[in-house]
Amino acid sequence: MRRVDRRFWVAAAVLAAAYTVAGFAWGKTAPLNDLYDVAGVGTFCAAILFIAVYTVQGLRGPAKWWRNDIGTSLVIANVGIAAITCPIAFAVIWNHGLINTQWWAWAEIGGTYTCGLAVLWLSWLWLRNRKSKGPV
């Protein structure tokens, strides 16, 4: 794997600062609902795209995520992200942005639990691998 260099951290800091400044600078007339809609649909599509690309690479080459715990966990984490954002994306596209049925709300809640469990699983894998291999 490649090391994360200083440019990444500088870009992350600039984006975090821009995000913070935008939050304070935008007034009450800012199109925040539209930004949320785009973020919900975009995040859902990005999670599904990650799973699709990783799966296709596994089917066509050596990147078989289903054969190792880290790869499987990355896919499960993205399934959780997709599960959180799927009700939002579908509501934005087909229901004027409203989550107004019991099953739709239940899907939103279930996605949140799925994602939380996936992150806990990744944390457990990290601790297990670190303990078995010694200091990193």
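Here are the numbers for the structure shown:
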quantity: Neighbour-count ranking [beta-carbon atoms within 10 angstrom, fewest first] of 3, 128, 60; calculated: 3, 60, 128
quantity: Length released on extending from residue 106 to residue 53, taking residue separation times 0.36 nm less the Cα-Cα span; calculated: 16.2 nm
quantity: Cβ-based charge dipole, the chain, positive-most Cα from 27, 115, 70; calculated: 70
quantity: The chain shape via C-alpha gyration tensor axes, a/c threshold 1.5; calculated: oblate
quantity: Span-rule helices in the chain, defined as complete DSSP H runs reaching 27 Å or more along the axis (Cα) with Kyte mean at least 1.0; calculated: 6-25, 32-60, 69-94
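Readers should treat all values here as calculations from the given coordinates under stated rules, not as data from a laboratory. Being a predicted model, the structure only gives us computed values, none of them experimental. Glycine gets a Cβ as well: all are built from the backbone with ideal geometry, and neighbour counts include every protein chain shown.
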